[in-house]
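Only one structure is covered here, and it is reproduced in the block below.
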Amino acid sequence: MRRSQATRQRLQTMAIDLFTEKGFDNVTVEEIAAAAGVSHMTFYRNFPTKEAVVLDDPYDPVVTAAVAEQDQALPAMERVKRGVLDAFGRLQEPEDRTVRQKIRLASGHSGLRARVWENNLRTEEVVVKALTATGTPRLEAAVAAGAVLGALTAALFDWARDEVEGPLGERIELALGLLVSSEVTAT
């Protein structure tokens with residue numbers, strides 16, 4: 001691991017530990033930096049805001065690319081569901097406690113939870129663009145993307161609250177399996 005990646009990881013781990021111990025609103029950037037053994041400027045070189053430590057999401061580009069790769073003959077809902085499942089199949093199942101703690105923090109804090117939904121909206125817009133570029137009507141694309149991302153978020157929040165019940169990938173599969181695909185016919 002490169003030094004900059006190690007610093008970023010150390011900052012994130014220290015921040016998550018402090019947030020878990022003291023509460024998100026009760027921790028300053030200066031405290032996080034000190035715990036990680038760096039300056040507050042180093043913190044800001046790695047994360048633009050304190051919220052970004054929790055909300056950092058490297059999965060969106062992978063999900064969007066996987067949706068775009070799906071068979072265009074499939075209904076939009078099915079393309080998005082399969083794209084999300086393919087994307088998570090390509091990624092390593094989270095094994096460390098930090099991922100679960102980050103999601104738990106985000107789901108339990110009203111400001112962070114709102115930012116999760118803002119991030120989902122940005123992801124939805126990119127997925128809708130990928131679907132409409134292949135001829136899917138905008139409303140169908142928006143409903144499919146919104147429904148799947150909502151189910152994905154529900155799965156993430158549920159998994160983070162539950163310490164015992166299996167891996168994240170299984171929870172995502174279960175949540176997406178609850179969505180029913182249907183072909184839309186324009187009238």
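Some notes on this structure:
- Residue ID - surrounded by the most Cβ atoms within 10 Å (Cβ to Cβ), chosen from residues in the range 44-63 that are among the hydrophobic types (A, V, I, L, M, F, W, C) and out of contact with any Ser or Thr (no Cβ under 9 Å at 6 or more places or on another chain): VAL53
- Selection within the range 1-21 - within 24 Å of ARG113 (Cβ to Cβ) and loosely packed, with under 12 Cβ neighbours inside 10 Å: GLU21
- Counting the residues of the range 89-103 that are assigned to a helix (DSSP H, G or I) and over 12 Å from the mean Cα position of the chain (by Cα) gives 5.
- Test: ALA66 is over 30 Å from VAL128 (Cα atoms), assigned to a helix (DSSP H, G or I), among the small types (Gly, Ala, Ser) and open to solvent by less than 20 Å² (accessible area, probe 1.4 Å): no
Condition check ((1) farther than 20 Å from ALA6 by Cα; (2) part of a helix (DSSP H, G or I); (3) in contact with a helix residue (DSSP H, G or I) (Cβ under 8 Å, 6 or more places away or on another chain)) across all residues:
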{"position": "PRO48", "(1), (2), (3)": "no, no, no"}
{"position": "ASP71", "(1), (2), (3)": "yes, no, yes"}
{"position": "LEU74", "(1), (2), (3)": "yes, no, yes"}
{"position": "ALA106", "(1), (2), (3)": "yes, yes, yes"}
{"position": "LEU112", "(1), (2), (3)": "yes, yes, yes"}
{"position": "VAL116", "(1), (2), (3)": "yes, yes, yes"}
{"position": "ASN120", "(1), (2), (3)": "yes, yes, yes"}
{"position": "GLY135", "(1), (2), (3)": "yes, no, no"}
{"position": "ALA142", "(1), (2), (3)": "yes, yes, yes"}
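- Residue within the range 15-36 that is within 19 Å of LEU121 (Cα to Cα), of a type in the set (Lys, Arg) and in a helix (DSSP H, G or I) present: no
- GLU124 being in a helix (DSSP H, G or I) and open to solvent by less than 50 Å² (accessible area, probe 1.4 Å): yes
- Any hit, the range 140-147, residues being under 25 Å from GLU51 (Cβ atoms), surrounded by 19 or more Cβ atoms within 10 Å (Cβ to Cβ) and not polar (S, T, N, Q): yes
- Test: residue in the range 138-161 that is in contact with a Leu (Cβ under 7 Å, 6 or more places away or on another chain), at pLDDT 90 or above and β-branched (Val, Ile, Thr): yes
- Test: residue in the range 79-87 that is modelled with pLDDT of 95 or more, surrounded by fewer than 21 Cβ atoms within 10 Å (Cβ to Cβ), of a type in the set (Asp, Glu) and assigned to a helix (DSSP H, G or I): no
The values are calculated or read from the model by the stated rules, or taken from the named source; none is laboratory data. Bear in mind the structure is a predicted one, so any value in this text is a computation, not a measurement. Virtual Cβ from ideal backbone geometry, glycine too; neighbours counted across all protein chains shown. Surface accessibility is based on the protein's heavy atoms, side chains included, excluding ligands, DNA and RNA. Shrake-Rupley method; radii C 1.70, N 1.55, O 1.52, S 1.80 Å.
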